[in-house]
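Asker: Pasting a structure here, questions to come.
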Amino acid sequence: MYWNGLKRGQSEAETLDWISNTFNEDYPKKGMLFAVGNQAKRPQTWQLLGVLRVDLDTQGTLDL
């Protein structure tokens, strides 16, 4: 994400602000999940593999 911001022509400060806004404001409001896992050669060590944004929908009621 950092390198993509720089490739789009943003300054380093603008890129860091964009990343901060995305992960500290946008994703928590919409919903986010963490993808975690480990590697075969280090099965005891868990790592953050990715952050997924999900649009959380509220469950509606059923008309019975």
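Asker: So T15 passes all but one of these: (1) in contact (Cβ under 8 Å) with a residue 24 or more places away in the chain; (2) touching a Gly at 6+ places or on another chain (Cβ under 6 Å). Which condition number does it fail?
Answerer: Result: T15 fails condition (1) only.
Asker: Same structure again: So is T22 hydroxyl-bearing (S, T, Y) and over 23 Å from D57 (Cα atoms) or not?
Answerer: no
Asker: Please return the ranges of helices (runs of 4 or more DSSP H) entirely within the chain where 1 or more residues are modelled with pLDDT of 90 or more and among the acidic types (D, E).
Answerer: Hits in the chain: 12-21.
Asker: Can you name the residue in region 14-64 that is under 19 Å from W3 (Cβ atoms) and among the hydrophobic types (A, V, I, L, M, F, W, C) and is also surrounded by the most Cβ atoms within 10 Å (Cβ to Cβ) among such residues?
Answerer: The selected residue is W18.
Asker: When residues of region 4-31 are filtered for being under 22 Å from D55 (Cα atoms) and either out of contact with any Asp or Glu (no Cβ under 7 Å at 6 or more places or on another chain) or of a type in the set (K, R) (or both), how many remain?
Answerer: 13
The values are calculated or read from the model by the stated rules, or taken from the named source; none is laboratory data. Not measured: the values here are computed from a predicted model. Every residue, glycine as well, gets a Cβ built from its backbone with ideal geometry; the counts of neighbours run over all protein chains shown.
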